[in-house]
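The values are calculated or read from the model by the stated rules, or taken from the named source; none is laboratory data. As the structure is a computational prediction, the values presented were derived from the model and not from experiment. In this analysis, Cβ positions are derived from the backbone assuming ideal geometry, glycine residues included, and neighbour counts consider all displayed protein chains. These accessible areas exclude ligands, DNA and RNA; they are computed on the full protein's heavy atoms, side chains included. Shrake-Rupley method; radii C 1.70, N 1.55, O 1.52, S 1.80 Å.
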Amino acid sequence: MPETVATPYQPMSKYLPLSILIAVSLQGCATLFQDECETLDWYGIGYEDGLQGQLPRSVAEYHQACAERDVTPELARYTRGRDQGLKQFCRPDNGFRLGLRGAHYNGACLAGAEQEFLSAYEQGKEILAAEVQIRRLDEILRVNTSELNNLTASMQRKEVEIIAHDTNPKRRALLLLEMHDLQETVTMVENEIVGIETALEEEGRHLQHLRENNPYR
C-alpha cells in the first residue's frame with residue numbers, strides 16, 4: 001500500500017524554497033538550513049526522485065546535510081515515495097518520449113516494469129535515429145548540390161572562353177583538359193546525389209513505417 005498523505009501530492013517545491021530544492025536535487029545536501037532539515041518531506045523527496053527516474057540517494061548524503069541538527073533521514077518513507085514516483089516514470093509512454101528525446105536511461109526502473117519500458121524507449125530511440133539520419137542526408141545533399149552548381153558554372157565559363165575568337169590555341173588546349181577533369185568531377189558528384197536521394201527515400205519510408213506502427217505516437 002502506498003503511504004497516505006494528508007493532501008493530494010504536491011511537488012517538493014511546494015514544501016521547499018527553490019534554493020533548497022536545488023540543493024537537495026543537485027548538490028545533495030551541503031546548503032540545507034538547520035530548521036528545514038526537521039521539516040523535510042522524505043516521502044515527497046523520494047517521489048520526486050522516482051518521478052525523474054533518479055537512482056536511490058545515499059542516506060549519508062542527507063545525513064551530511066542535517067548533521068548539525070542530528071536529523072536522521074527517514075529512508076523507509078523516502079523509498080516508498082520513490083517507488084510511487086517510479087511507477088509514473090516507468091510507464092511505456094514515458095519511456096518512448098525519453099527515447100525520442102535521446103535522454104539517458106540509468107536503469108532505475110524495477111524489473112517488473114523495465115521490459116515494457118525499455119521496449120518503448122528503444123522504439124523512441126529508433127525513430128530519433130531515423131530523423132537524425134534524414135537530417136544528415138539532407139545536409140549532405142545540400143552540400144553536394146551546391147558543389148554541382150559551382151562546377152556547372154565553372155564549366156560554362158570555360159566553354160565561353162574556349163569558343164572566344166581571341167583565345168589562343170595553347171590556352172584553348174589547356175581549357176579543354178580542364179573541362180575534361182571538371183566533367184569527371186561533375187559525373188562523380190551527380191552519382192553521389194542520386195545515391196543520397198535514394199537513401200533519403202528509403203530512410204523516409206523507414207521513418208514513416210516506424211511512426212505508423214508505433215502505439216505511443
Residue-count net charge about E190 - beta-carbon cut-off 14 Å; Lys, Arg +1, Asp, Glu -1: -4
Distance (nanometres) between label positions extended 7 Å along Cα→Cβ at L182 and A113: 6.5
Span from the the range 80-118 Cα centroid across to the the range 155-187 one, whole angstrom: 64
Near-label residues of the range 180-217 by backbone N, under 11 Å of a point 7 Å along Cα→Cβ of T145: 197
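Any chance you could tell me what percent of the C-alpha pair distances in the range 130-180 go past 13 Å? Display every interim value, and only then the final one.
Details: 832 of 1275 pairs.
Summing the P(r) of the range 130-180 above 13 Å gives 65 percent of all pairs.
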Net charge contributed by nearby residues that have their C-beta within less than 10 Å of G99 (K/R +1, D/E -1): +1
Pair R101, A153: separation of 7 Å Cα→Cβ label points (nm): 4.3
Shape category assigned to the range 86-217 from the gyration tensor of Cα positions, a/c cut at 1.5: prolate
Modelled FRET efficiency - R0 35 Å, V194 with L174, Cβ distances, 0.05 increments: 0.70
Exposure of D181 as accessible area (Å², to 10), given a probe of 1.4 Å and all protein chains: 90
Å² per residue, accessible surface of the range 106-170 at 1.4 Å: 65
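Where does the charge balance sit around I162 when Lys and Arg score +1, Asp and Glu -1, over other residues with C-beta under 13 Å from its C-beta? Please report the intermediate quantities before stating the final value.
Details: positive: R157, K158, K170, R171, R172; negative: E159, E161, D166, E178.
Value of the local net charge: +1.
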